[in-house]
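A short worksheet on the structure shown next.
The values are calculated or read from the model by the stated rules, or taken from the named source; none is laboratory data. Just so it is clear, the model here is predicted, and its values are computed rather than measured. Don't worry about glycine lacking a Cβ; one is built from the backbone with ideal geometry, like all the others, and counts go over all protein chains shown.
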Amino acid sequence: MLEILTQKQGISLLVFYGLLMIFLSLLFSYKRKRDTAEFLLASRDVGVWTGAMSIAAAWIWAPALFVSSQKAFEQGLAGAFWFIFPNMLALIIFAPLALKIRKILPKGYTFPQFINLRHGKSVHFLYMVQFVILQICAFAIQILAGSTLIHIVTGIPYVTIALILVSIVLSYSLVGGFRTSILTGYVQMLLIIIISAVTVFLVFINSGFETLSAGLGGVSGNFGNIFDPWVFYSFGIATTIGLLAGPVGDQMHWQRAYSLKTNKDVIKTFVIAAGLFAVVPILLSVLGFIGAGKVILDGWVIPNSQMVGPITVSMLLPVSAMIIFIVMLLSGLLSTLNSILCAVASLAVIDIYNPGKQLSETGNDNDPKKVTIARISMAVMAILGLLIALIPGLQILHLFLFYATLRASTFVPTVMTLLWPKLKSRAVFVSVLLSMILGAPLMGLGAVIKNVHVSVAGSLLTVIIGFLGCYFLSKTIYKKDYDSEKYSLQNQEK
């Protein structure tokens with residue numbers, strides 16, 4: 001237990017931060033219309049910088065604020081690089097895919113909606129399984145990780161923290177929907193960048209360049225080469241595949257793509273978001289380097305490498321610094337939780353309540369029932385996620401592996417669906433199903449048994465199955481397929 005703040009200080013901080021977010025939500029949503037497009041997509045009028053800040057904030061999940069420091073501490077420059085670079089690359093690669101979906105389905109809301117129109121109900125069902133399970137598990141893992149970390153630094157009971165966090169994020173999500181997510185995400189990303197920069201600068205001033213330099217190779221001193229082959233093989237390959245699949249398999253990012261004002265804003269917004277995101281893990285990795293340097297030079301003992309960031313801050317700065325450090329954690333945590341609730345709302349309204357409708361039926365409308373359904377789905381999502389996070393003995397690894405492996409199974413079929421018009425729907429169905437049954441579980445098994453070779457094999461197998469299945473099955477299917485019978489991109493664009 002690393003009780004840096006008292007329980008009273010911790011509770012006060014949580015309540016104050018929650019009230020601030022609720023106030024901002026009420027302010028942002030004041031006098032806004034309450035139609036479907038406003039609640040689910042902020043009326044499709046989000047600007048470049050607002051969108052970029054929101055995308056970056058949604059891409060920063062709470063544990064990632066600690067992973068950057070942890071990898072820098074354990075594997076030096078190599079570990080930090082193979083965490084930061086794929087994260088940036090994922091958003092950059094997603095940008096042209098986001099632009100493509102807007103051109104194909106300009107009045108769309110969700111990616112599974114397009115899959116339903118393009119490939120039919122069977123493929124849509126598989127995608128919905130992946131997308132919905134991802135949101136539920138991602139919500140639970142945020143609560144699990146965030147509550148655990150706040151419990152460690154404050155001593156507040158885990159269940160109390162979990163209940164407070166869910167109450168806060170649900171309260172302001174219900175008020176303004178996606179508009180709230182975009183604008184509070186902007187504020188939260190601003191807080192994360194400022195707090196990271198100030199904290200790291202003060203820690204560096206109190207430790208010195210010598211300590212930083214000593215830790216660039218990690219705590220063992222063996223990983224000063226960014227392109228260390230072992231780190232690339234054992235960590236880089238699986239991490240890169242998993243992160244590239246991240247935005248593609250997550251409605252949060254398709255939702256943000258659809259919310260931007262014009263097509264010309266899409267590429268620019270996601271590239272800026274990638275740069276904004278990178279600032280944070282680059283800064284926080286410095287805490288890991290300094291922690292490693294302190295172990296090497298001064299004999300520090302870091303009992304938990306995942307906590308090297310807050311431990312380094314607490315050892316070198318006063319308690320007030322830890323308070324703002326927790327504010328940064330809350331910003332990353334609540335931004336992602338809020339984004340998950342909004343993503344679930346869009347899936348519930350478009351793909352569950354009103355599936356398979358044509359474009360004329362999914363544009364702007366004033367149906368209050370859809371907004372009500374969106375809010376109910378948010379509440380159901382919050383309850384399900386909380387219940388999972390309260391399961392005794394549940395570990396972050398269990399949830400992460402479960403949804404990360406599923407997400408990877410739709411990665412290649414999604415990219416090929418957008419870029420290859422000749423792709424057949426039956427080929428997509430078989431490829432996704434085989435990836436879920438064969439490749440994805442192998443990835444998870446490797447992590448559970450801590451066998452790097454199995455994990456890497458599973459990651460590569462998932463991608464190979466997706467590509468070969470889609471390509472060769474599409475070449476061998478000669479009968480009329482669902483996509484050629486019922487769906488025409490040209491007709492939809494008209």
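Report yes if residue 311 is touching a residue at least 60 places away in the same chain (Cβ under 8 Å) and either under 27 Å from residue 380 (Cα atoms) or surrounded by fewer than 24 Cβ atoms within 10 Å (Cβ to Cβ) (or both), otherwise no.
On the way: touching a residue at least 60 places away in the same chain (Cβ under 8 Å): yes; either under 27 Å from residue 380 (Cα atoms) or surrounded by fewer than 24 Cβ atoms within 10 Å (Cβ to Cβ) (or both): no.
Answer is no for this residue.
Based on what the data block shows, is residue 190 in contact with a Phe, Trp or Tyr (Cβ under 6 Å, 6 or more places away or on another chain), under 26 Å from residue 72 (Cβ atoms) and assigned to a helix (DSSP H, G or I)?
In short, no.
Would you confirm whether or not the stretch 167-184 contains a residue that is under 26 Å from residue 286 (Cβ atoms), part of a helix (DSSP H, G or I) and either in contact (Cβ under 8 Å) with a residue 12 or more places away in the chain or of a type in the set (D, E, K, R) (or both)?
Among the residues of the stretch 167-184, not one is under 26 Å from residue 286 (Cβ atoms), part of a helix (DSSP H, G or I) and either in contact (Cβ under 8 Å) with a residue 12 or more places away in the chain or of a type in the set (D, E, K, R) (or both), which makes the answer no.
Take residue 431 and decide whether it is modelled with pLDDT under 90, in contact with a Leu (Cβ under 9 Å, 6 or more places away or on another chain), in a helix (DSSP H, G or I) and among the polar types (S, T, N, Q).
Details: modelled with pLDDT under 90: no; in contact with a Leu (Cβ under 9 Å, 6 or more places away or on another chain): yes; in a helix (DSSP H, G or I): yes; among the polar types (S, T, N, Q): yes.
No: the conditions fail for residue 431.
Looking at (1) at pLDDT 90 or above; (2) over 18 Å from residue 327 (Cα atoms), which one does residue 19 not meet, given that it meets all the others?
Here residue 19 clears every test but (2).
Testing residue 142 on (1) within 15 Å of residue 386 (Cα to Cα); (2) touching a Ser or Thr at 6+ places or on another chain (Cβ under 9 Å); (3) surrounded by fewer than 22 Cβ atoms within 10 Å (Cβ to Cβ), one condition comes back false. Which one is that?
Exception for residue 142: condition (3).
Would you check which residues across the stretch 87-129 are within 22 Å of residue 384 (Cα to Cα) and surrounded by fewer than 21 Cβ atoms within 10 Å (Cβ to Cβ) and list them? If you could, list the steps in order and put the result at the bottom.
If we filter the stretch 87-129 for residues that are within 22 Å of residue 384 (Cα to Cα), which is where we start, we get 110, 112, 125-129.
Scanning the stretch 87-129 gives 125, 128, 129.
Among the residues of the stretch 118-131, is any over 21 Å from the mean Cα position of the chain (by Cα), part of a helix (DSSP H, G or I), over 18 Å from residue 466 (Cα atoms) and touching a residue at least 24 places away in the same chain (Cβ under 8 Å)?
Looking for residues that are over 21 Å from the mean Cα position of the chain (by Cα), part of a helix (DSSP H, G or I), over 18 Å from residue 466 (Cα atoms) and touching a residue at least 24 places away in the same chain (Cβ under 8 Å), one finds at least one in the stretch 118-131, hence yes.
May I ask you to list the residues in the stretch 450-478 that are surrounded by fewer than 16 Cβ atoms within 10 Å (Cβ to Cβ), in contact with a helix residue (DSSP H, G or I) (Cβ under 9 Å, 6 or more places away or on another chain) and either acidic (Asp, Glu) or within 17 Å of residue 239 (Cα to Cα) (or both)?
Matches in the stretch 450-478: 451, 452, 453, 464.
So which residues in the stretch 235-269 are more than 18 Å from residue 337 (Cα to Cα), polar (S, T, N, Q) and modelled with pLDDT of 90 or more?
259, 262, 263, 269, listed by residue number.
May I ask you to list the residues in the stretch 53-66 that are crowded, with 24+ Cβ neighbours inside 10 Å and assigned to a helix (DSSP H, G or I)?
53, 54, 55, 56, 57, 58, 59, 65
Considering only the stretch 457-494, state which residues are more than 21 Å from residue 122 (Cα to Cα), at pLDDT 50 or above and not in a helix (DSSP H, G or I).
Hits for the stretch 457-494: nothing passes.
What's the number of the only condition in (1) closer than 30 Å to residue 312 by Cα; (2) part of a helix (DSSP H, G or I); (3) aromatic (Phe, Trp, Tyr) that residue 28 fails to meet?
Result: residue 28 fails condition (1) only.
Within the stretch 346-355, is even one residue assigned to a helix (DSSP H, G or I) and either surrounded by fewer than 20 Cβ atoms within 10 Å (Cβ to Cβ) or under 16 Å from the mean Cα position of the chain (by Cα) (or both)?
Yes, the conditions are met somewhere in the stretch 346-355.
Let me spell it out: the conditions are (1) under 25 Å from residue 58 (Cβ atoms); (2) modelled with pLDDT under 90; (3) surrounded by fewer than 18 Cβ atoms within 10 Å (Cβ to Cβ), and residue 369 meets all of them except one. Which number is the exception?
Here residue 369 clears every test but (1).
Inside the stretch 209-319, counting only helices (runs of 4 or more DSSP H) that do not spill past its ends, which hold 2 or more residues that are farther than 30 Å from residue 110 by Cβ?
Once the helices (runs of 4 or more DSSP H) in the stretch 209-319 are filtered for at least 2 residues that are farther than 30 Å from residue 110 by Cβ, what remains is 209-214, 266-298, 308-316.
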